[in-house]
1. Just in the stretch 82-145: which GluC sites (Glu not before Pro) are loop by DSSP and have at most 11 other Cβ atoms within 10 Å?
2. Determine the relative contact order of the stretch 221-377: mean sequence separation of Cα pairs under 8 Å and six or more apart, normalised by residue count, in whole percent.
3. Test of understanding: express the Cα radius of gyration of the chain as a ratio to 2.2 N^0.38 Å, with N the residue count.
4. So, with +1 on the Cβ of K and R and -1 on the Cβ of D and E, and no other charges, what is the size of the charge dipole of the stretch 106-220 about its Cα centre, to the nearest 20 debye?
5. Just list whichever of LYS143/LYS208; LYS109/LYS198; LYS200/LYS330; LYS217/LYS304; LYS164/LYS350 have alpha carbons separated by over 26 Å in the model shown.
6. Evaluate the relative contact order of the chain (contact order divided by residue number), counting alpha-carbon pairs under 8 angstrom at least 6 apart; express in whole percent.
7. Hey, what angle do you get for helix 234-245 against the long axis of the chain, alpha-carbon based, 0 to 90 degrees rounded to 10?
8. Any chance you could give the angle, 0 to 90 degrees and rounded to 10, that helix 303-313 forms with the longest Cα principal axis of the chain?
Amino acid sequence: MPLKFIEGRTSRFISFKPSRKDLVEKYGQAYAADADKMAYDGPFIIKEWKHEQEIVLEKNPNYWNKDKIKLDKVRILIINDANTAYQMFENGELDFVDVPTPLVEQMQKEGKGLTYMDSFEYFIRFNMKKEGKPYLANENFRKAIGFAIDRESYINMAFKGISKPATRYIPPTISGLEKKFAEEFPYEFYPKNADVAKAKEFLGKAMKELGISDPSKISIELMVDDSSGTKDGVEAIQDMLVRNLGIKVDIKIVTFKERLQRMRSGDYEVMITRWGPDYDDPMTYLDYWTISEGMINSGWTDEKYNELCNAAKNTSDFAKRNEIMFEAEKYLLEKGAVVPLYFRERLWVKKDYVQGLVRTFASGSDPDFIYASVEGK
């Protein structure tokens, strides 16, 4: 039976997957750009690919466990507007879909919808080398920002309570040795709710170090992009920072593409951005802030932090490796390099006849169709 669903604007990245050398050499830059320019070793092959419109998957007759695959076909429609996609679901044109934020409250009241965490973390990054803004390079000022934000209120306002406050850097979905990393290493650096007293304490230290007597002399431009997850509720964060710290905050909304360009070139002051996992391990988040990652356009580099990450990468003692990564996470937050906001959670709905479909956080493999079936349609 075929299955139809919507694919929005997301990144797709699979680590450690094999590529055929002869095809890579044959097609060069065009390799994997079309359905007929790649090899397949999974449960499905791409039968048809109309760029920016749809992708049609069919069961792979050469898959080692093909008899266990119940779906014959999956039709993926590429539509960026979540409201359009949901209307198509209501009209019977799609079999499952993520619920747009404006409809979350209604779905919850009606007892509809399923949730899953996709492990995307949204956070604030600072341009610590911005001319004329010395406070952005001050770790006490950055931590003042972090403690002034009420994450729980922000999530309730922006996402109707769907998502989890990021009180630390490593998401709760990421694996440790035997359990989740967050279970093996419990930690909370920032509270769910704003700690105004602590925020003002850090701001006072920063102002003393910078020779600033009046917080209203401090102004920042908070940049967000026009995609859901950044612009939603950003005025709430603006209000929290103005009210709790007395600083000036302007909001600048740009396109998703422009935000990426500005982030890479360092053309910003303060920015809400995100990171999703390339693989199920804390290092996919920690490595983001190392010199080797190349994401240092924030101006933050730290020799001790780099040493911790390198030590974790070079030890064969996995228990010790996790301990080092926990130390690196704590150090990153204590230095104010990043201010986590929330771990994204999604509400989705499906038709009753869709069975066995797995929504997963691992980048590139959501949704997982291996166990899915269409029953009684």
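The values are calculated or read from the model by the stated rules, or taken from the named source; none is laboratory data. Note that the structure is a prediction, hence the values are computed from the model and not measured. All Cβ positions, glycine included, derive from the backbone under ideal geometry; neighbour counts span all protein chains shown. Just so you know, the surface numbers come from the protein's heavy atoms only, side chains and all, with ligands and any DNA or RNA stripped out. Shrake-Rupley method; radii C 1.70, N 1.55, O 1.52, S 1.80 Å.
1. Values: sites: GLU90, GLU93, GLU105, GLU110, GLU121, GLU131, GLU139; in loops: GLU93, GLU110, GLU131.
Here the GluC sites (Glu not before Pro) that fit, given the DSSP loop and packing criteria, are GLU110, GLU131.
2. Numbers: 160 pairs, mean separation 25.7, N = 157.
Computed value for the stretch 221-377: 16 percent relative contact order.
3. Values: Rg = 22.6 Å, N = 377, 2.2 N^0.38 = 21.0 Å.
Taking the Cα Rg and dividing by 2.2 N^0.38 Å, one obtains 1.08.
4. On the way: 20 positive and 15 negative charges, 64 e Å.
The dipole of the stretch 106-220 has a size of about 300 debye.
5. Values: LYS143/LYS208 15 Å; LYS109/LYS198 37 Å; LYS200/LYS330 21 Å; LYS217/LYS304 33 Å; LYS164/LYS350 23 Å.
LYS109/LYS198; LYS217/LYS304, as the Cα separations exceed 26 Å there.
6. On the way: 696 pairs, mean separation 89.4, N = 377.
Answer for the chain is 24 percent.
7. 20 degrees
8. Here the helix axis deviates by roughly 30 degrees.
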